[in-house]
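Data block below; observations after.
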Amino acid sequence: MKIAVLQGPNLNRLGTRKPEVYGTVTLPDIVADLDVLAGEIEVELVHFQSNHEGAMIDWLQSLEGEIDGVVCNPAGLTNYGLSLRDALNECGVPVAIIHLSNVHAREEWRRHDVFAEIATVYFAGAGWFGYRHALQALLSKIGATR
Ligand code: DQA
């Protein structure tokens, strides 16, 4: 079982970026935590973060036929990233969308998430721990929980 974990624009700055909204946990902290969980449940994770939509799409396409699911925080692309949305929708495996913050309780423009309708699993507002929930829920949907 191999799951891609894809992180969008500005998430490289987690920890220092708006800690009152996103918390103080860094992206390397999240990656390390997910890798520990993955080790416990014998799942392989591959990680990627980019500030560029095309680079995210290239990475996803390069994994075609190799992965069983995707956990993605589209971050700054959430409201208009239709190319990434199409790439996720067409990658042939279930997708979990995760947002650290509750985007539905924030500014009006953040509330329309173009990724929501292609998501098999959707988590928002659980902070960094949401990544754990998203991974476990995705595995459960795939039928891979042990
Ligand atoms: C985010 C929410 C988005 O609105 C924002 O642009 C982000 C992070 C979140 O994880 O809460 O970059 O996806």
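Just need a number here: residues in region 94-135 that are within 22 Å of residue 42 (Cβ to Cβ) and touching a helix residue (DSSP H, G or I) at 6+ places or on another chain (Cβ under 8 Å).
Here the count works out to 9.
Can you spot a residue in region 29-45 that is more than 21 Å from residue 137 (Cβ to Cβ) and touching a Leu at 6+ places or on another chain (Cβ under 7 Å)?
no
Among the residues of region 24-46, count how many are surrounded by 17 or more Cβ atoms within 10 Å (Cβ to Cβ) and in a strand (DSSP E or B).
The total comes to 1.
Out of all the residues in region 77-94, which are outside any helix (DSSP H, G or I) and either near the ligand (Cβ under 10 Å from one of its atoms) or out of contact with any Gly (no Cβ under 7 Å at 6 or more places or on another chain) (or both)?
Answer for region 77-94, where residues must be outside any helix (DSSP H, G or I) and either near the ligand (Cβ under 10 Å from one of its atoms) or out of contact with any Gly (no Cβ under 7 Å at 6 or more places or on another chain) (or both): 78, 79, 80, 81, 90, 91, 92.
So which residues in region 66-109 are in contact with a Leu (Cβ under 6 Å, 6 or more places away or on another chain), open to solvent by 10 Å² or more (accessible area, probe 1.4 Å) and within 17 Å of residue 126 (Cβ to Cβ), if there are any at all?
Residue satisfying the conditions is 75 alone.
All but one of (1) open to solvent by 30 Å² or more (accessible area, probe 1.4 Å); (2) more than 13 Å from the ligand (Cβ to nearest atom); (3) not hydroxyl-bearing (Ser, Thr, Tyr) hold for residue 18; state the number of the condition that does not hold.
The one condition residue 18 does not meet is (2).
Taking interchain pairs and intrachain pairs at least six residues apart, which have beta carbon atoms under 6 angstrom, with the first residue in region 5-17 and more than 19 Å from residue 132 (Cβ to Cβ) and the second among the hydrophobic types (A, V, I, L, M, F, W, C)?
That search, which allows pairs on different chains as well, returns 9/75; 10/75; 12/27.
The values are calculated or read from the model by the stated rules, or taken from the named source; none is laboratory data. Keep in mind that this is a model prediction, so the values were computed, not measured. So basically every Cβ, Gly included, is an ideal-geometry build from the backbone, and we count neighbours across all protein chains shown. With ligands, DNA and RNA removed, areas are computed over all heavy atoms of the protein, side chains included. Shrake-Rupley method; radii C 1.70, N 1.55, O 1.52, S 1.80 Å.
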